[in-house]
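Read the figures in this text as sums done on the coordinates, not as results from a lab. Just so it is clear, the structure is predicted and the values come from calculations on it, not from any experiment. Cβ coordinates were reconstructed from backbone atoms using ideal geometry, including for glycine residues, and neighbour counts include every protein chain displayed.
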Amino acid sequence: MKPLVHSSHLAGHLAHRLAVPLLTVLLMAPDTVSANDSIYTDLDTDHCQTLSPEDEEGGGISLRCKGFKDYAVYYKEGDLRQSLFYGHLGQAYIDGAFESFGPFNYTSRRIEWRLGADGRPVATILRWFIENADPATGEPAPERKGQVLVISKVAGEDGMGCVAGYVDALANPDPNIAARQIADTQTEGFACGRDTAAFHGVRGPTAADPTGDLPE
C-alpha cells in the first residue's frame, strides 16, 4: 500500500505545479495568441446591426454582429434555418449568400475562431443543431436531432467566405479536434464557389444534407 500524502504537502505540490501554467494563461492576452490557437466569441443577435428588416411573413432577417476584432459575423435566418458568414465579407456575399441544412436548424452561440500564422483568423467552428423530422409525422423529433460542427473560411481581402467542411459531432470521437485539424489545414486554400465542402470522418444518419447558394 502506498503511503498517504499529507494534505498540506499535496496542496503545496499542486500549487508549485500549477503556478507556471497559470501565470502563462494569465499573461496570454488575445493579441499575443499564436497560430493554431483558438479564440472564442459569443454571438449576441440582440445587439447587432440590422442589414435588412425582418420579414414577418417568412421570418427572415439579416444582421451584422460583433465577432473577433474587426472580423464581423454575418447572421441570416429564413424559414427556420440559419446561416452564418465571417470576416471582411464582400457585398455580393452579404446580399446573396446563404448556407445551411435542409431541415429546420439553429446554431450554438459560441464561435471558435482558428488563427493563422500571422495571428489573423482563418476559420471558424460552430455547432449546428439539426431538427430532423420523423417520417411518420413530418414533425421534428427529439430522438432524431443531429449535431454538426461546421468549419467556415473567414473572408479576407477577396471578400469571399463560406463553409469549408463538416464533422458529425455525434458520430465521431473527439469531433472538436477533428474540426480544428480541418480548419487549420484545409480552409486557407479552399475556393468559395468552386470547391465543395464535404463531411470528414463518419457521417451518421442525423447529419442532414447541407444546402447553399453562393454568388458567382
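Quick notes
- Computed FRET value (nearest 0.05) for THR50 with ASP195, which takes r as the C-beta separation and R₀ as 41 Å: 0.85
- Annotation note: GluC sites (Glu not before Pro) in the range 108-149 located in DSSP loop regions with a Cβ neighbour count of at most 12 within 10 Å are absent.
- Between LYS69 and TYR40, full extension at 0.36 nm per residue minus the direct alpha carbon distance yields a gain of 9.3 nm.
- With q set to 0.12, 0.23 Å⁻¹, the log10 of I(q)/I(0) for the range 36-135, from the Debye formula over equal scatterers at the Cα positions, is -0.41, -1.31.
- Centroid-to-centroid separation of the range 201-216 and the range 125-155 [C-alpha atoms, Å]: 10
- A crude spin-label estimate for the pair ILE177 and HIS88, with each label 7 Å from Cα along the Cβ direction, gives 3.5 nm.
- Global form of the range 74-208, assessed from the alpha-carbon gyration tensor, a/c cut-off 1.5: oblate
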